[in-house]
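A short reminder: the numbers here are calculations on the coordinates, not readings from a lab. Note that this is a predicted model, so its numbers are computed, not measured. So basically every Cβ, Gly included, is an ideal-geometry build from the backbone, and we count neighbours across all protein chains shown.
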Amino acid sequence: MMKNSAQNTGRPDAASRTFGDRIRSRRERLGHTLEQFSRLSGVSRAMLSKVERGEKSPTIGIAKRIAHSLDTPLSVLMADEGKRQTFAVVARNQRQTFRDPETGFERHLLSPIMAGLAAEVVLHRLPPRASTGRLPYPPGTAKHVLAARGSVVVGFDDTEVTLEEGDSLYFEASHDHWFENRTEQQSEYYLVISRAAS
């Protein structure tokens with residue numbers, strides 16, 4: 001998710017520690033033990049414990065399962081806290097970026113981090129022959145995908161769609177899905193992720 005010095009030195013870095021603290025805080029606020037949280041998320045208790053302590057950076061699939069089970073967008077778990085603004089510029093070098101430690105997959109949040117936004121714009125960079133793994137989202141979530149570079153396969157349990165440069169796709173994201181690059185070149189695609197008003 002971030003370049004994690006914790007994995008090299010055995011000590012949590014600041015970003016991993018903050019991410020873990022937010023997960024633990026939301027879990028405790030919901031009244032879940034680690035065992036209960038493990039059953040809800042489908043992530044092992046050992047992994048959750050390491051993530052909460054900032055000792056392990058999860059893959060994108062695991063991070064999404066954690067966020068889903070806490071009914072919280074991943075971007076909120078990773079965000080710097082701040083007050084709501086009426087407009088915001090997101091500088092290229094200040095994007096919130098998640099790097100999957102296993103695949104090299106990158107998720108760049110292009111939207112500002114503000115509470116109450118009904119949609120977010122994201123750039124995905126998927127290395128050759130890599131997959132995001134399954135990405136669970138809560139009911140009421142929709143995705144618009146635009147292939148910007150190379151091709152990307154969007155997979156579902158019963159079908160898959162291949163997008164070439166310039167192709168776009170809309171789908172309801174409440175069912176598990178994944179993105180896969182089956183080529184020898186990096187794929188890049190943009191997503192607009194919208195959520196139904198609660």
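Summary of computed values
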read-out	value
Ratio Rg/Rh [Cα only; Rh per Kirkwood] for the chain	0.95
Distance (nanometres) between label positions extended 7 Å along Cα→Cβ at Phe171 and Leu117	2.4 nm
Relative contact order of the chain, defined on C-alpha pairs under 8 angstrom at six or more residues apart (%)	19 percent
Long-range amide H partners of Ser187 with built H, under 5 Å	Leu126
Stretch gain in nm, segment Arg182-Leu146, where the contour uses 0.36 nm per residue and the Cα spacing is subtracted	11.3 nm
Percentage relative contact order, the range 92-195, counting C-alpha pairs under 8 Å, at least six apart	33 percent
